[in-house]
Amino acid sequence: MGSKKSGQPLRQSEQTSVLVDERNFLEAIRDAGYRNAAVTIAELVDNAIEADATTVKIEVTSDGDLKFPVQISVIDDGRGMSLKELQLALVFGGSSRFGSRDLFGRFGMGLPSASLNLARDIEVMSWRGSLIRTVRLSLDDRNRFNGHSIRSRRLIRDRMPTPSGTKVLLRSCDRHGYERPGWLSRSITTELGRIFRRQLESGLHISVNGNKIPVMEHLLLKAGAALYGDMLRYQIDGPGRGGQVRVQFSELPVLRWSTMSSSEKAAMGIPSTKPISILRAGREIDRGWWFMGSKRRENYDSWWRCELDFDPILDEWFGVSYTKQGIQPVQALKDLLTPDLETIARSMNSRVRSQFDLVKIADPIQVAERTVQAVIPVLPDALGCRGGRKRDIRVALGETKSPAVFEVRTSRSVETVTLNICHPLIRDLYAPLASSDLTTSKSAAARVALVALAGALIDTGAWPVAGRAQAWSDVVATLLERCP
Ligand SMILES: Nc1ncnc2c1ncn2[C@@H]1O[C@H](COP(=O)(O)OP(=O)(O)O)[C@@H](O)[C@H]1O
Ligand SMILES: [Mg+2]
């Protein structure tokens, strides 16, 4: 740089000391690539968490502005900012942790670029004790940035909401993408509930207009999904000691959930949710379909989930940009992870497929379950009661761990009897009858299930061993008489 012809210095009038055209830059940075309003606000929540906030209040309101009435504020009870930190807060590249790989912040771009993505006017207030300081950046004000003339004022102590904290006020939000503030707050609620699910689970309180954000699970373990296999861990080279990638899969209960209505399924994110969620330092940055090699996504793949969490030190491997909007993994990372993840995904897919095959033959199981439940009250107490209460028995069809015809599991006093699809009685007798279109065959299938279930009732009841053969004959007879 610095010469027209080699060796010839530029004349003074041909040099420029301005690196950035401020006005154009501010307009251009608005298109940095944030996907939606929620992910932009997530940047502000990141900062609050890094300032050790325990509570983050988001308020979406309308002010009197006729053109752009929506305003959003994000208020935290974190440690607040020093004068120097506040001076840098709205400076692009200004950061108290530039280059850090400890948690979320790294580039010093989040606050100004995310805020400008939504709003024309940004005000950051930060307080410690009774001293409150304000800095502002506005696209429409000729005096755009007052970083060098920060306003400071003292407030009466009991008017401060918390001992320290920060409020980012976004006014004239002209690019939030929603017709009504109500829709905007709803989308913020669900998105942030997903993005910060780990932090919410460990006690962080985030609210939108006074309503606490609920945790949006991805693996759906609390809702009833089960972990699939152990967590996979990969230690990868990086600056210093390198970092780790952790991967966990879960499978959704196809047999139980396949009968849900479409709207119930939609509420669980089936089939819309992309199965692989990428977390950076425990905070979601993307969802999609990665490390799957040649495997294409099919409908069955809506029935398993995967969570991949990586340390920020590995940003270069994952191709993380400053907006933290998704990943672009490098080939070496794909080569490392794909063989395992693709194999697991293929086996999960085929497990889901065989579960759906079972769904097709599950009707008689429900008939059998209802029959057992109707018979329990008329059985002698040694068979029909447990711990002084009538037994609550559910019946399922599936592959069991043991080769026996049934397996019983008890959870919170509910006993679930799983009939083993691999046992010849179920595979060669029940299944063909249950898959027939004839009502008589389906009803015979229910009766086959009941013969096995009578065994389960006796086996898990308190009947004396000596009298079990007679008891089994009697219970089978009662069940078959009651079966519709
Ligand atoms: N809520 C907050 N509480 C305390 N400090 C904050 C808060 N938000 C921003 N900051 C300060 O402003 C700086 C710039 O934030 P940001 O632009 O998001 O960049 P980064 O998070 O990458 O450092 C941070 O480094 C921090 O010092
Ligand atoms: Mg940040």
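Any residue that is polar (S, T, N, Q) and away from ligand 1 (no atom under 13 Å from the Cβ) - is there at least one of those in the stretch 65-75?
Looking through the stretch 65-75, at least one residue is polar (S, T, N, Q) and away from ligand 1 (no atom under 13 Å from the Cβ).
Among the residues of the stretch 84-106, which ones are closer than 17 Å to Ile29 by Cα and either open to solvent by 50 Å² or more (accessible area, probe 1.4 Å) or more than 10 Å from ligand 2 (Cβ to nearest atom) (or both)? Working first, answer last.
Going through the stretch 84-106, the residues closer than 17 Å to Ile29 by Cα turn out to be 89-94.
Correct list: Leu90, Val91, Phe92, Gly93, Gly94.
Restricting attention to the stretch 214-237, does a residue exist that is under 24 Å from Leu341 (Cα atoms) and of a type in the set (S, T, N, Q)?
Checking the stretch 214-237: at least one residue is under 24 Å from Leu341 (Cα atoms) and of a type in the set (S, T, N, Q).
Determine whether Ala32 is open to solvent by 10 Å² or more (accessible area, probe 1.4 Å), under 19 Å from Ser172 (Cα atoms), within 16 Å of ligand 2 (Cβ to nearest atom) and in contact with a helix residue (DSSP H, G or I) (Cβ under 9 Å, 6 or more places away or on another chain).
yes
Can you name the number of the only condition in (1) open to solvent by 30 Å² or more (accessible area, probe 1.4 Å); (2) touching a strand residue (DSSP E or B) at 6+ places or on another chain (Cβ under 6 Å); (3) closer than 23 Å to Thr323 by Cβ that Leu227 fails?
Just one mismatch for Leu227, condition (3).
Pairs please, first residue from the stretch 80-101 and over 23 Å from Leu314 (Cβ atoms), second anywhere and more than 8 Å from ligand 1 (Cβ to nearest atom) and part of a loop (DSSP other than H, G, I, E, B), Cβ atoms under 7 Å, 6+ apart in sequence or on different chains.
Close Cβ pairs (under 7 Å, with a partner that is more than 8 Å from ligand 1 (Cβ to nearest atom) and part of a loop (DSSP other than H, G, I, E, B)) amount to Leu83/Ile150; Leu86/Ile150; Gln87/Gly147; Gln87/Ile150; Leu90/Gly147; Val91/Gly147.
Return the residues of the stretch 430-448 that are in a helix (DSSP H, G or I), hydrophobic (A, V, I, L, M, F, W, C) and open to solvent by 10 Å² or more (accessible area, probe 1.4 Å); say none if nothing qualifies. Walk me through how you get there before you give the answer.
Kept after step one, since they are in a helix (DSSP H, G or I), are these residues of the stretch 430-448: 430-434, 439-448.
Those left that are additionally hydrophobic (A, V, I, L, M, F, W, C): 431, 433-434, 444-446, 448.
Hits for the stretch 430-448 are Ala431, Leu433, Ala444, Val448.
Given Asp46, Asp102, which one is more than 7 Å from ligand 1 (Cβ to nearest atom) and either charged (D, E, K, R) or closer than 24 Å to Gly282 by Cβ (or both)?
Asp102
If I go through the stretch 35-57 residue by residue, how many of them are within 16 Å of ligand 2 (Cβ to nearest atom) and in contact with a strand residue (DSSP E or B) (Cβ under 6 Å, 6 or more places away or on another chain)?
Going through the stretch 35-57, the residues within 16 Å of ligand 2 (Cβ to nearest atom) turn out to be 38-53, 56.
Within this subset, residues satisfying the condition of being in contact with a strand residue (DSSP E or B) (Cβ under 6 Å, 6 or more places away or on another chain) are 44-45, 48, 53, 56.
Number satisfying all stated conditions: 5.
Just to be sure I understand, how many residues within the stretch 412-427 are under 17 Å from Ser354 (Cβ atoms), free of Cβ contacts under 8 Å to residues at least 40 places away in the same chain and of a type outside the set (Lys, Arg)? Before you say what the answer is, go through the steps one by one.
If we filter the stretch 412-427 for residues that are under 17 Å from Ser354 (Cβ atoms), which is where we start, we get 418-423, 426-427.
Adding the requirement that they be free of Cβ contacts under 8 Å to residues at least 40 places away in the same chain leaves 418, 420, 422-423, 426-427.
So of that shortlist, the ones also of a type outside the set (Lys, Arg) come out as 418, 420, 422-423, 426.
Residues meeting the conditions: 5.
Yes/no matrix, rows are residues, columns are (1) open to solvent by 50 Å² or more (accessible area, probe 1.4 Å); (2) modelled with pLDDT of 95 or more:
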{"position": "Glu264", "(1), (2)": "yes, no"}
{"position": "Ala267", "(1), (2)": "yes, no"}
{"position": "Thr273", "(1), (2)": "no, no"}
{"position": "Ile276", "(1), (2)": "no, yes"}
{"position": "Trp289", "(1), (2)": "yes, yes"}
{"position": "Asp301", "(1), (2)": "no, yes"}
{"position": "Trp304", "(1), (2)": "no, yes"}
{"position": "Phe310", "(1), (2)": "no, yes"}
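If a residue must be part of a helix (DSSP H, G or I) and over 18 Å from Arg482 (Cβ atoms), how many such residues does the stretch 347-406 contain?
15
Here are some residues: Ser96, Ser82, Ser62, Ser130. Which one is near ligand 1 (Cβ under 10 Å from one of its atoms), of a type in the set (Ser, Thr, Tyr) and modelled with pLDDT under 90?
Ser96
Mind checking which residues of the stretch 42-59 are open to solvent by less than 20 Å² (accessible area, probe 1.4 Å) and outside any strand (DSSP E or B)?
Answer for the stretch 42-59, where residues must be open to solvent by less than 20 Å² (accessible area, probe 1.4 Å) and outside any strand (DSSP E or B): Ala42, Glu43, Leu44, Val45, Asp46, Ala48, Ala51, Ala53.
Between Gln235, Gln199, which is under 16 Å from the mean Cα position of the chain (by Cα) and at pLDDT 95 or above?
When all the criteria are applied, what remains is Gln199.
When you scan the stretch 449-484, how many residues do you find that are under 18 Å from Gln373 (Cβ atoms), open to solvent by less than 70 Å² (accessible area, probe 1.4 Å) and out of contact with any Asp or Glu (no Cβ under 7 Å at 6 or more places or on another chain)?
Result for the stretch 449-484: 18.
Being open to solvent by 50 Å² or more (accessible area, probe 1.4 Å), farther than 30 Å from Trp183 by Cα, of a type outside the set (Phe, Trp, Tyr) and not in a helix (DSSP H, G or I), is that true of even one residue in the stretch 60-71?
Within the stretch 60-71, not a single residue is open to solvent by 50 Å² or more (accessible area, probe 1.4 Å), farther than 30 Å from Trp183 by Cα, of a type outside the set (Phe, Trp, Tyr) and not in a helix (DSSP H, G or I).
Can you tell me which residues in the stretch 194-209 are open to solvent by 50 Å² or more (accessible area, probe 1.4 Å), farther than 13 Å from Glu284 by Cα and in contact (Cβ under 8 Å) with a residue 24 or more places away in the chain? Can you show your working first?
Initially, the stretch 194-209 is screened for residues open to solvent by 50 Å² or more (accessible area, probe 1.4 Å), giving 198, 201-203, 205, 209.
Pick out the ones that are also farther than 13 Å from Glu284 by Cα and you get 201-203, 205, 209.
Matches in the stretch 194-209: Gly203, His205, Asn209.
Take Arg144 and tell me if it is charged (D, E, K, R), within 10 Å of ligand 1 (Cβ to nearest atom) and touching a residue at least 24 places away in the same chain (Cβ under 8 Å).
no
The values are calculated or read from the model by the stated rules, or taken from the named source; none is laboratory data. Predicted model only: the values in this text are computed from it and were never measured. A quick note on method: Cβ atoms are made from the backbone with ideal geometry, for glycine too, and the neighbour counts reach across all protein chains shown. Ligands, DNA and RNA are excluded from the accessible area calculation, which covers all protein heavy atoms including side chains. Shrake-Rupley method; radii C 1.70, N 1.55, O 1.52, S 1.80 Å.
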